[in-house]
Amino acid sequence: MQLGINIDHIATLREARKINDPNPIEALGIVERAGADQITIHLREDRRHIHDEDARSIVTLSRLPVNIECSVNPDIIEIIADIRPHRATIVPENREEVTTEGGLSLDEPHFANIDKSVHYLKAREIETSLFVDPTIDAIRGAKTIGVDWVELHTGSYANLYAMLHTNLSLTHNRIDDLALNRTKLKQLLKQELQKIKDAVEEAQEFGLRVAAGHGLNYQNVTAIAQIAGIQELNIGQSIIARSIFTGLERAIIDMKELL
């Protein structure tokens, strides 16, 4: 199981004070030394954390492969094509969202824009991936477009797990739509895990490589890591959060041991 470390939240801390500290570039050697397999960043249209110069420097300096998450905004796609990371993962993007809220819609008119972006990037020898919900329709749409990878959105699984197994329901961050009894939450969590397994099987039948990510942490990652066919997990927030207390290298090693 490969592990990609999303270092966006290092840049988030930097942007909170609008100074060049902490610098996400400093994480590159630590991530490599800790045994991770990939650097992941998200170059958002609003540049809320990673900026163009970050992306370019990270791709240039990282000895690990770099995966850049991005929208299909033509200006962003042109930047990715110029920087030429190892992989580009196309994700949905909403300016108002706190974090990515779900997988891509592959219906028209979105399909045409995604298809065009994928082929433009592949022509420049950049691996392509789509960030999709774990549904059979999404997997089939990804195959039609011709990407190399799909990354399955595990946010619904993570939310259900948190409402069932942590104190989230007692805090101001509780998810009101999931304020359900424990029996119902267990049922929904089991169903969501099965959806992910079914999506992985479908992707394998189509010859797609499979990654997963979003909301994964030290408590909920094991069940996802045990799914045969998932080759890579991309994890960011929980690792960067733990690093405040343990240091980044130790936080990555702890996650690697779970995998």
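The values are calculated or read from the model by the stated rules, or taken from the named source; none is laboratory data. Everything numeric in this text was worked out from a predicted model, so none of it was measured. Reconstructed Cβ throughout: ideal geometry from the backbone, glycine too, with neighbour counts over all protein chains shown.
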- [ ] Residue by residue through segment 193-228, note down the ones that are part of a loop (DSSP other than H, G, I, E, B) and crowded, with 17+ Cβ neighbours inside 10 Å.
- [x] 208, 214, 215, 216, 217, 220, 227
- [ ] Could you look through segment 51-76, keep only residues that are hydroxyl-bearing (Ser, Thr, Tyr) and surrounded by 15 or more Cβ atoms within 10 Å (Cβ to Cβ), and pick out the one that is nearest to residue 12 (Cα to Cα)?
- [x] 57
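Would segment 177-191 turn up any residue that is under 30 Å from residue 120 (Cβ atoms) and not β-branched (Val, Ile, Thr)?
No: zero hits.
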Open item on the list: I'm trying to understand the selection: among the residues of segment 213-254, which are closer than 17 Å to residue 165 by Cβ and either free of Cβ contacts under 8 Å to residues at least 12 places away in the same chain or touching a Pro at 6+ places or on another chain (Cβ under 8 Å) (or both)?
Closed with: 226
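Which of the residues spanning segment 69-84 are among the β-branched types (Val, Ile, Thr) and farther than 10 Å from residue 52 by Cβ? Reasoning before the result, please.
Step one: list which residues in segment 69-84 are among the β-branched types (Val, Ile, Thr), which gives 72, 76-77, 79-80, 83.
If the condition is that a residue be among the β-branched types (Val, Ile, Thr) and farther than 10 Å from residue 52 by Cβ, then 72, 77, 80 are the ones that fit.
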Open item on the list: Looking at the structure I just gave you, is residue 242 crowded, with 16+ Cβ neighbours inside 10 Å and farther than 13 Å from residue 6 by Cα?
Closed with: yes
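Yes or no: segment 64-81 includes at least one residue that is among the charged types (D, E, K, R), part of a loop (DSSP other than H, G, I, E, B) and modelled with pLDDT of 95 or more. It would help to see each step written out before you state the result.
First, pick out the residues of segment 64-81 that are among the charged types (D, E, K, R): 69, 75, 78.
After this cut, where a residue has to be part of a loop (DSSP other than H, G, I, E, B) as well, the list is none.
Among the residues of segment 64-81, not one is among the charged types (D, E, K, R), part of a loop (DSSP other than H, G, I, E, B) and modelled with pLDDT of 95 or more, which makes the answer no.
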Open item on the list: Just to be sure I understand the filter: pairs with C-beta atoms under 9 Å, separated by 6 or more residues or on different chains, first member in segment 73-93 and at positive phi, second member loosely packed, with under 15 Cβ neighbours inside 10 Å and not polar (S, T, N, Q). Which pairs pass?
Closed with: 84/124; 84/125
Open item on the list: residue 43 - would you say it is under 24 Å from residue 93 (Cβ atoms) and either buried (at least 18 other Cβ atoms within 10 Å of the Cβ) or touching a residue at least 60 places away in the same chain (Cβ under 8 Å) (or both)?
Closed with: yes
Task: Verdict on residue 56 being in a loop (DSSP other than H, G, I, E, B), among the basic types (Lys, Arg) and more than 26 Å from residue 259 (Cβ to Cβ) - done: no
